[in-house]
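Visitor: Take this structure first; my questions come after.
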Number of protein chains: 2
Amino acid sequence: MGLLDRRFEGLESSYLFSEIASRARRFAKAHPEREIISLGVGDLALPLAPSVCEALVLASREQGEPGGFKGYGPYEGRAFLREALASDYARSGAELSSEEIFINDGAKNALFSLLSLFEPGITVLIPDPVYPAYLDANILAGNRAGFIEGGPENGYLPSPPESAAASLVYLCSPGNPTGAVYDADGLKAWVSWALERDAVIIFDSAYRSFIRECGLPKSIYEIEGAKECAIEIGSFSKSAGFTGLRCGWAVFPMALEREGVSLNKLWRQRIAVSENGAPYVVQRAALASLEEPGASECARAADFYLNSARRIAAALKSAGISCTGGLNSPYVWLECPAGLSSWELFDMLLERAGVVCTPGAGFGRRGEGRCRLSAFAKAEDCERALGRMLEVLNRL
Amino acid sequence: MGLLDRRFEGLESSYLFSEIASRARRFAKAHPEREIISLGVGDLALPLAPSVCEALVLASREQGEPGGFKGYGPYEGRAFLREALASDYARSGAELSSEEIFINDGAKNALFSLLSLFEPGITVLIPDPVYPAYLDANILAGNRAGFIEGGPENGYLPSPPESAAASLVYLCSPGNPTGAVYDADGLKAWVSWALERDAVIIFDSAYRSFIRECGLPKSIYEIEGAKECAIEIGSFSKSAGFTGLRCGWAVFPMALEREGVSLNKLWRQRIAVSENGAPYVVQRAALASLEEPGASECARAADFYLNSARRIAAALKSAGISCTGGLNSPYVWLECPAGLSSWELFDMLLERAGVVCTPGAGFGRRGEGRCRLSAFAKAEDCERALGRMLEVLNRL
């Protein structure tokens, strides 16, 4: 037996966003005179909302006061934040108790760690294209991945495959990178499929705060039966600007049992061994993003990004470029013109327009020939990037 | 094949500190009139040091300003903090580059996650008694655990076993729960042992800031050859009061290679899949704890706890109770008098003295018949607890 886990050899040599950053750095170094605007990685232009920042500052100040200092907290997160999230879910029609919600330091880590609940080697279904960390996490877990394909033919919203047997399936809605959002019927089909097979759905709702169309589910628990078959992963990164503060949550409903074991109990055991909870001051800031006036301030920030996304989508369409997303999502997903591959378009936009996008190939085989633009930039940067991109694209 | 990972069944049904908390809660509920003082879980009485708190507040305030907001950071942590840690190591004679240091959200998570670098099923050596999460993490990793026993016969500092073959060995110095500290010769023996066998040492230095005796190593990298065989885990929890803020680090030296693979590179791949770095504001506060005047303020807090530990140890000894620790460590490790088991003494101290300790049995088989007292309480609480405990112990 060897010492090192050979599964690392199955990973792509560099993680998508590292590769993008390193190409952009190389270009900037070679062309110090050029201004580069990033519509690539999903990081944010707006600072923390005033009330959220104020809550963070206040909680931070308390940590220096004898009566205000908070040390180790519950592994599952502070009750005040779990209760506020349960109330937030209730407002959109999903009834959850605070014991079903676990606070963590961000969705990325939770998406990785939850795989440790399952026997290594299980079969998982992963959308293609999708956030690449799902696949990498499953490679490291030793699981067998099958793909559910999204494309123009199904609006990037794969339906359950009749035949495929799988223990886990990932759904991301609103989708990253596609911006596509499942409606209630779409999710109902997946819940039925999972219940019939005793499969577990991992529902990634990181972009839920961008849903503006009435009737589109923000949580899978708005669908009957989902509590018996779904884990939901949520994040404050995009809803409240926490990309640098790090806070998210995972929902393990009490009704979710497999092989006679409660997954809620299993997750509780798992985090007792590996976690000490998210930082108290960050949890206090997260709370402020759920309560007024913080919630409205955060919603206005989301509106700002959505407005940019709509402008990007409209401009591309007017230039004859097909794209989806940008409606209930901060992402615009475009078809590369002139038969360009996604990394070819990436390099062209970087070199000729000084704009960083995310090449679709990084999101899976079906992402090839497409690129993702993020609307998280400053309004003026977004406008300038758009102007420079259109100049390049119109010349093709 | 099943769905759920059966290795969870190998865990103790409740994690030590959860069990302690639940017994204390039950007692408090049954006896609302009694004051309970905790010398149990290693949480802290003092608030954040003024300069550390100020840095946290300042960084938090910046997050609400357009130019000050920080989003996604490097997975491995901010360069300013990695560089400050490298300088800190250099001051005690360990030369490390900032590329060898990875910031994380606390030692507990890092100790768990680093096992994913290794083939499941390897043999590991774990001190007994020791921090129980080492064993639980290895149970979940599917590894085979052997034990290196500590006791009065070796001052709770096990030497390398001549015969035992193992891929990994854990060392914790100053030790939790025993407070025992390896000297340079003790660590040299372990480094030679590991180099001879291509084994990897996981050196937990979470309590390094309590070392006051000259010449005792604060880092395993003060020992020649350690960079070829050791990973070190560090924490701001006890050195700077970060139990609630969550920040630590892991060192993967460039020279640490196995099977032709750099563990530094492997860890970099691992965190790219699962992490997004520790919160920026927390990293800024951590930096302040390494720079003046924060470093001196934090050292004074450690002195305060050390002073309490010495008082506890002296009082116990004057009552005829054997104990170790309390010198370069915030923990006092005592022998249960009158043949009591460790949970018996726990219950007795809780019920008769209203004091919570940590039963030694929770730290391993060799912890039976012993208990850990933590000096992290307020001075006046510590005094009162000590008085009440001595009353009970003197009556035995």
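The values are calculated or read from the model by the stated rules, or taken from the named source; none is laboratory data. If you're wondering where the values come from, they're calculated on a predicted model, not measured in any experiment. Positions of Cβ are backbone-derived with ideal geometry, glycine not excepted, and every protein chain shown enters the neighbour counts. Ligands, DNA and RNA are stripped out before the accessible areas are found, and what is left, the full protein with its side chains, is counted by its heavy atoms. Shrake-Rupley method; radii C 1.70, N 1.55, O 1.52, S 1.80 Å.
Visitor: Please indicate, with yes or no, whether at least one residue in region A:81-92 is under 21 Å from A:GLU292 (Cα atoms) and part of a loop (DSSP other than H, G, I, E, B).
Guide: Looking for residues that are under 21 Å from A:GLU292 (Cα atoms) and part of a loop (DSSP other than H, G, I, E, B), one finds at least one in region A:81-92, hence yes.
Visitor: If you don't mind, another one. Please tell me if A:GLY67 is surrounded by fewer than 20 Cβ atoms within 10 Å (Cβ to Cβ), small (Gly, Ala, Ser), more than 25 Å from A:TYR331 (Cβ to Cβ) and within 7 Å of chain B (Cβ to nearest Cβ).
Guide: No.
Visitor: While we're looking at this one, here's another question. State all residues of region B:283-297 that are of a type in the set (Asp, Glu) and over 21 Å from B:GLY77 (Cβ atoms); if no residue qualifies, say none.
Guide: B:GLU292, B:GLU297 - these are the residues of region B:283-297 that are of a type in the set (Asp, Glu) and over 21 Å from B:GLY77 (Cβ atoms).
Visitor: Mind checking which residues of region B:333-360 are part of a helix (DSSP H, G or I) and closer than 23 Å to B:ILE148 by Cβ?
Guide: Scanning region B:333-360 gives B:SER342, B:GLY360.
Visitor: I would also like to ask the following. Of all residues in region B:77-87, how many are open to solvent by less than 40 Å² (accessible area, probe 1.4 Å) and either of a type in the set (Asp, Glu) or modelled with pLDDT under 95 (or both)?
Guide: Qualifying residue count for the region: 0.
Visitor: Of all residues being part of a loop (DSSP other than H, G, I, E, B) and within 9 Å of another protein chain (Cβ to nearest Cβ) in region B:243-270, which is most open to solvent (accessible area, probe 1.4 Å)? Just the residue, please.
Guide: The extreme case among them is B:GLU259.
Visitor: Next question. Checking the conditions here, which among B:PHE8, B:PHE27 is touching a helix residue (DSSP H, G or I) at 6+ places or on another chain (Cβ under 7 Å), more than 9 Å from chain A (Cβ to nearest Cβ), assigned to a helix (DSSP H, G or I) and not hydroxyl-bearing (Ser, Thr, Tyr)?
Guide: On the way: B:PHE8 fails: more than 9 Å from chain A (Cβ to nearest Cβ).
Within the list B:PHE8, B:PHE27, the selection yields B:PHE27.
Visitor: So which pairs qualify, if the first residue must be in region A:70-97 and on the phi > 0 side of the Ramachandran plot, the second must be open to solvent by 40 Å² or more (accessible area, probe 1.4 Å), the Cβ gap must be under 9 Å, and the two must be at least 6 apart or on different chains?
Guide: Partner pairs satisfying both residue conditions: A:GLY93/A:LYS218; A:GLY93/A:GLU222.
Visitor: For A:SER192, are the conditions met, namely being closer than 18 Å to A:ALA84 by Cα, assigned to a helix (DSSP H, G or I) and away from chain B (no Cβ under 13 Å)?
Guide: Considered against the rule, which asks whether it is closer than 18 Å to A:ALA84 by Cα, assigned to a helix (DSSP H, G or I) and away from chain B (no Cβ under 13 Å), A:SER192 comes out as no.
Visitor: Related question: Somewhere in region B:331-340, is a residue at pLDDT 95 or above, in contact with a Ser or Thr (Cβ under 9 Å, 6 or more places away or on another chain) and within 11 Å of chain A (Cβ to nearest Cβ)?
Guide: Checking region B:331-340: not a single residue is at pLDDT 95 or above, in contact with a Ser or Thr (Cβ under 9 Å, 6 or more places away or on another chain) and within 11 Å of chain A (Cβ to nearest Cβ).
Visitor: Exactly one of (1) surrounded by 20 or more Cβ atoms within 10 Å (Cβ to Cβ); (2) part of a helix (DSSP H, G or I) is unmet by A:GLY40. Its number?
Guide: The number of the failed condition is (2).
Visitor: Identify all residues within region B:324-343 that are open to solvent by 20 Å² or more (accessible area, probe 1.4 Å), in contact (Cβ under 8 Å) with a residue 40 or more places away in the chain and touching a strand residue (DSSP E or B) at 6+ places or on another chain (Cβ under 7 Å); write none if there are none.
Guide: B:THR324, B:GLY325
Visitor: How many residues are within 18 Å of B:PHE112 (Cα to Cα), touching a Pro at 6+ places or on another chain (Cβ under 7 Å) and of a type in the set (Gly, Ala, Ser) when one looks only at region B:135-179?
Guide: So the answer is 2.
Visitor: Select from region A:195-208 the residues that are assigned to a strand (DSSP E or B) and within 14 Å of another protein chain (Cβ to nearest Cβ) and write down the one among them that is surrounded by the most Cβ atoms within 10 Å (Cβ to Cβ).
Guide: A:VAL200
Visitor: Go through region B:362-387 and give me each residue that's free of Cβ contacts under 8 Å to residues at least 40 places away in the same chain and either over 21 Å from A:LYS70 (Cβ atoms) or among the aliphatic types (A, V, I, L, M) (or both).
Guide: B:GLU368, B:GLY369, B:CYS371, B:GLY387 - these are the residues of region B:362-387 that are free of Cβ contacts under 8 Å to residues at least 40 places away in the same chain and either over 21 Å from A:LYS70 (Cβ atoms) or among the aliphatic types (A, V, I, L, M) (or both).
Visitor: State yes or no: is B:ALA319 of a type in the set (A, V, I, L, M), out of contact with any Leu (no Cβ under 7 Å at 6 or more places or on another chain) and open to solvent by 20 Å² or more (accessible area, probe 1.4 Å)?
Guide: Details: of a type in the set (A, V, I, L, M): yes; out of contact with any Leu (no Cβ under 7 Å at 6 or more places or on another chain): no; open to solvent by 20 Å² or more (accessible area, probe 1.4 Å): yes.
No, not satisfied.
Visitor: Suppose we filter B:SER18, B:SER51 for residues that are more than 8 Å from chain A (Cβ to nearest Cβ) and hydroxyl-bearing (Ser, Thr, Tyr); which single one remains?
Guide: On inspection, the qualifying residue turns out to be B:SER51.
Visitor: Identify all residues within region A:99-111 that are in a helix (DSSP H, G or I) and surrounded by 17 or more Cβ atoms within 10 Å (Cβ to Cβ); write none if there are none.
Guide: Once the filter is applied, which keeps residues that are in a helix (DSSP H, G or I) and surrounded by 17 or more Cβ atoms within 10 Å (Cβ to Cβ), region A:99-111 yields A:GLU100, A:ALA107, A:LYS108, A:ASN109, A:ALA110, A:LEU111.
Visitor: Continuing with this model, one more query. Hey, among the residues in region A:113-133 that are surrounded by fewer than 24 Cβ atoms within 10 Å (Cβ to Cβ) and under 13 Å from the mean Cα position of the chain (by Cα), which one's nearest to the other protein chains (Cβ to nearest Cβ)?
Guide: Here the residue is A:ALA133.
Visitor: Restricting attention to region B:272-295, which residues are at pLDDT 95 or above and over 25 Å from A:CYS53 (Cα atoms)?
Guide: Passing the criteria: B:LEU290, B:GLU291, B:GLU292, B:PRO293, B:ALA295.
Visitor: Picking from A:GLY146, A:GLY150, which residue would you name as being more than 11 Å from chain B (Cβ to nearest Cβ) and buried (at least 20 other Cβ atoms within 10 Å of the Cβ)?
Guide: Sole residue among the options that is more than 11 Å from chain B (Cβ to nearest Cβ) and buried (at least 20 other Cβ atoms within 10 Å of the Cβ): A:GLY150.
Visitor: Scan region B:163-185 residue by residue and report those that are open to solvent by less than 20 Å² (accessible area, probe 1.4 Å) and assigned to a helix (DSSP H, G or I). Before you say what the answer is, go through the steps one by one.
Guide: So the first thing to find is which residues in region B:163-185 are open to solvent by less than 20 Å² (accessible area, probe 1.4 Å), and the list is B:166, B:168-180, B:182.
Listed by number, the list is empty, since nothing qualifies.
To keep it simple, each residue is scored yes or no on (1) buried (at least 17 other Cβ atoms within 10 Å of the Cβ); (2) part of a helix (DSSP H, G or I); (3) aliphatic (A, V, I, L, M).
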position	(1), (2), (3)
A:GLY362	yes, yes, no
A:CYS371	yes, no, no
A:ARG384	yes, yes, no
A:GLY387	no, yes, no
A:LEU393	yes, yes, yes
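Visitor: Another question about this same structure. Does region A:29-48 include one or more residues that are of a type in the set (Lys, Arg) and either within 18 Å of A:CYS382 (Cβ to Cβ) or touching a residue at least 24 places away in the same chain (Cβ under 8 Å) (or both)? Show your work before the answer.
Guide: Residues of region A:29-48 that are of a type in the set (Lys, Arg), as a first pass: A:29, A:34.
In the following step, the residues that additionally are either within 18 Å of A:CYS382 (Cβ to Cβ) or touching a residue at least 24 places away in the same chain (Cβ under 8 Å) (or both) were identified as A:34.
Yes, region A:29-48 has at least one match.
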